[in-house]
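Derivation of every value follows stated rules applied to the coordinates shown; laboratory data play no part. None of the values given here were measured: they were computed from a predicted structure. In this analysis, Cβ positions are derived from the backbone assuming ideal geometry, glycine residues included, and neighbour counts consider all displayed protein chains.
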Amino acid sequence: MQLKKDIVMSGIRPTGFLHLGNYFGAVRNYVRMQEEYQCFFMVADLHSLTTHPDTQDLRQHVSRVIAENIACGLDPDKVALYCQSHVRETAELYLYLNMLAYMGELEKTTTFKDKARLQPDNVNAGLLTYPVLMTADIILHRASLVPVGKDQEQHLEMARNFVKRFNHRYGEVFPEPAAFNFGEDLLKVPSLDGSGKMSKSENQLATLYLADDDEMIRKKVMKSKTDSGPLSPGTPMPDFIENLFLLMKLVSAPEVIDHFKGTYQACTIRYGDMKKQLAEDMVAFIGPIRERAERIRNDSSYLRQVMEQGAEKARASARETMLAVREAMGLNYY
Ligand code: TYM
């Protein structure tokens with residue numbers, strides 16, 4: 001007998017170019033998980049409307065995210081790779097879940113508070129209920145595993161609360177979803193300037209994008225923040241240097257990292273050399289992804305076919321879940 005595979009769901013907003021944080025926090029795990037699980041990965045175009053209401057560039061950004069996911073190794077034949085707005089059931093489930101989400105908890109969400117501060121003239125209801133829409137995305141496929149970076153941890157906690165409330169009120173329809181990183185802590189890929197994390201639309205000079213050309217990668221890495229180095233053995237590492245080592249760990253060989261750690265401890269480290277090495281390792285890592293993504297992005301008929309195929313798989317799963325939801329809620333009158 002074949003055991004039923006666990007269901008995996010995750011999404012990325014098309015608000016800009018994908019970067020190393022998206023790759024190591026999310027897409028790398030998508031690629032590993034596609035072999036073992038039943039996977040649904042989508043481009044969260046509806047979520048992007050909460051902060052980017054202008055839809056002029058949306059088509060281009062959606063195509064880019066799909067192309068970059070495939071360039072990173074995602075296989076559209078193995079997973080459902082789709083666009084959020086193509087699955088209308090999302091909106092229906094979002095509506096039901098909104099009745100189970102309370103103002104107080106939504107207002108306390110860190111991402112809501114951050115975004116409300118960033119766009120005080122557009123504190124819209126979609127921004128407030130962002131975690132509810134995200135919950136709808138996940139449980140629409142009755143997923144239990146959600147590969148995401150550290151910044152999404154609170155949203156997942158809220159998703160579990162909404163699910164518990166739904167199951168308690170209407171009956172056990174959904175598994176409780178959990179953030180997933182192969183048993184390890186969720187990842188936060190830091191920005192190059194030592195302040196915060198890499199991001200699609202903020203802090204662009206301190207973020208390495210999968211579309212950056214070799215010269216841009218070198219320029220950004222060489223500009224990253226360092227100091228004059230430790231003066232005595234045992235000097236604790238400043239955050240911004242620790243971040244450089246963290247980035248190195250993502251793309252460089254272990255002996256390279258050991259070498260620079262050793263020179264740090266011996267107080268002989270030359271940050272210029274370390275950054276040059278990191279830049280070359282980043283170029284070697286990002287270059288092939290960028291080139292593959294460019295080729296895929298130019299093939300619009302292939303992208304269209306991928307999106308159609310993905311939407312069909314996602315809709316089939318969504319339809320089935322919504323039958324169970326309406327039944328559990330008693331909304332099936334005839
Ligand atoms: P988004 O588009 O901001 O980011 C996509 C994925 O990349 C991860 N990530 C990072 N990981 C590590 N370090 C970083 N610097 C970094 N920056 C971004 C994010 O954690 C995320 O996994 N709300 C989601 C999109 C979404 C979603 C969903 C996710 C909509 N519906 C359902 C999971 C399930 C978001 O804005 O991700």
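If the viscosity is 0.692 mPa s and the temperature 37 °C, what translational diffusion coefficient in µm²/s does Stokes-Einstein give for segment 204-293 when Rh comes from Kirkwood over Cα pairs?
Values: Rh = 13.6 Å.
It diffuses with D of about 241 µm²/s by this estimate.
Using only helices, what value at 222 nm comes out for the chain when you add -39,500 (n - 2.57) per DSSP H run of length 4 or more and divide by the total residues, to the nearest 500 deg cm²/dmol?
On the way: 14 runs with 172 residues, N = 334.
Here the helix-only value at 222 nm equals -16000 deg cm²/dmol.
Taking the chain as a Gaussian network, Cα atoms linked when under 10 Å apart, which of GLN56, GLN34, GLN152 shows the biggest mean-square fluctuation?
Most flexible of the set in this elastic network: GLN56.
With charges set only on the Cβ (+1 for Lys and Arg, -1 for Asp and Glu), what does the dipole of segment 245-288 come to about its Cα centre, in debye to the nearest 20? Write out the running numbers ahead of the final one.
Values: 5 positive and 5 negative charges, 31 e Å.
Magnitude of the dipole: close to 160 debye.
Determine the sum of side-chain charges near GLN305: Lys and Arg each +1, Asp and Glu each -1, restricted to other residues whose C-beta is under 12 angstrom from that of GLN305.
Working: positive: ARG304; negative: ASP77, ASP299, GLU308, GLU312.
With Lys, Arg at +1 and Asp, Glu at -1, the neighbours total -3.
Could you give log10 I(q)/I(0) at q = 0.07, 0.10 Å⁻¹ for the chain, computed by the Debye formula over C-alpha point scatterers of equal weight, without solvent?
Normalising to I(0) and taking log10 leaves -0.32, -0.64.
To the nearest 20 debye, what charge dipole does the chain have about its Cα centre, counting +1 at the Cβ of each Lys and Arg and -1 at the Cβ of each Asp and Glu?
With only Lys, Arg, Asp and Glu charged at Cβ, the dipole is about 240 debye.
Lysines within cross-link reach of LYS5: Cα-Cα under 26 Å, excluding same-chain residues under 8 positions apart?
Output for LYS5: LYS78, LYS150, LYS164, LYS313.
Mind ranking 279-290, 250-261, 43-54 by how tightly packed they are, going by the mean number of other C-beta atoms within 10 angstrom, highest first? Spell out each step's value before the answer.
Working: 279-290: 17.7, 250-261: 14.6, 43-54: 19.4.
So the peptides 279-290, 250-261, 43-54, ranked by packing, come out 43-54, 279-290, 250-261.
So, in nm, how far is label ASN124 from label HIS259 when the simple model puts each one 7 Å beyond its Cα toward the Cβ?
Result: 5.1 nm between the two label points.
Taking the Cα of LYS150, stepping 7 Å toward and past its beta carbon, and measuring to each backbone N in segment 233-253: which are under 13 Å?
The answer is 239-240, 242-244, 246-247, whose backbone nitrogens lie closer than 13 Å to the label point.
Name the residue farthest towards the positive end of the dipole of segment 204-293 from the options GLY287, ALA266, MET222, assuming +1 on Cβ of Lys and Arg, -1 on Cβ of Asp and Glu, about the Cα centre.
Among GLY287, ALA266, MET222, the one farthest towards the positive end of the dipole of segment 204-293 is MET222.
Considering only DSSP beta bridges whose two residues both sit in the chain, what percent are antiparallel, to the nearest 5?
On the way: 2 of 16 bridges.
Of those bridges, close to 10 percent are antiparallel.
Treating the beta-carbon of each Lys and Arg as +1 and of each Asp and Glu as -1, no other charges, what is the dipole magnitude of segment 204-293 about its Cα centre, to the nearest 20 debye? Walk me through the numbers before you get to the answer.
Working: 12 positive and 13 negative charges, 33 e Å.
That gives segment 204-293 a dipole magnitude of about 160 debye.
Mind giving me the FRET efficiency for ARG304 and MET222? R0 is 45 Å, r the Cβ-Cβ distance, nearest 0.05 is fine. Intermediate values should be presented prior to the final figure.
Working: r = 40 Å, r/R0 = 0.89.
FRET efficiency, ARG304 to MET222: 0.70.
Find how many whole Å separate the alpha carbon centroid of segment 121-199 from the alpha carbon centroid of segment 275-334.
Cα centres, segment 275-334 to segment 121-199: 17 Å.
Which of ALA67, ALA80, ALA125 ends up with the largest GNM mean-square fluctuation for the chain, with Cα atoms connected below 10 Å?
ALA125
Taking the 0 to 90 degree range and rounding to the nearest ten, how far is the long axis of helix 271-297 tilted relative to the main principal axis of the chain, both from C-alpha atoms?
40
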